[in-house]
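All remarks here apply to the structure that follows.
Computed from the coordinates by the stated procedures, all read-outs in this text should not be read as laboratory data. Small disclaimer: the values here were computed from a predicted structure and weren't measured. All Cβ positions, glycine included, derive from the backbone under ideal geometry; neighbour counts span all protein chains shown.
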Amino acid sequence: FTRALRKYQLPESEIGKIVKKLQKWGYSKFTRNGDNGHTVPGMDTVLLSLRIHMLTVEPGSFAEKKTIAELDLKTRCGITEYGLRRNNVTEITTATTTQLQEGDALILFTSDKTVQEIAGLFSHPQD
């Protein structure tokens, strides 16, 4: 997992924060339903389908000049954790009030399917 984070040029200090957070949560975060504590069936399969994705904000896209809160990724697709790469600097704990700019890259740990569903928010609209 840390090799993948390094591939996206995350600073070692940020990788350390992520690892500590995951260790604090423990494996149960990934295998239990947070609402009722019941085991989630097939969680190994779900985890295998997740990857780190970067969606770049294109000029004229829906996401440009929107805050992360305005994108409402939690309601749209359940994404609550993300990072932001701006001007070759990566932030793992980005405020939801951060306004996205052209060239920003939102870093997400999610499935290919979810990325396909929201990719249009970051793309320049086709005429």
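Structure values in brief
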{"item": "Pairwise label distance in nanometres, residue 74 with residue 12, each label 7 Å out on the Cα-Cβ vector", "result": "3.4 nm"}
{"item": "Anisotropy class of the stretch 71-127 from Cα gyration tensor, a/c 1.5 cut", "result": "oblate"}
{"item": "Ordering of 72-78, 49-55 by burial proxy (mean other Cβ atoms within 10 Å per residue, highest first)", "result": "49-55, 72-78"}
{"item": "Spin-label pair residue 4/residue 56, simplified geometry with 7 Å Cα→Cβ offset, distance in nm", "result": "2.1 nm"}
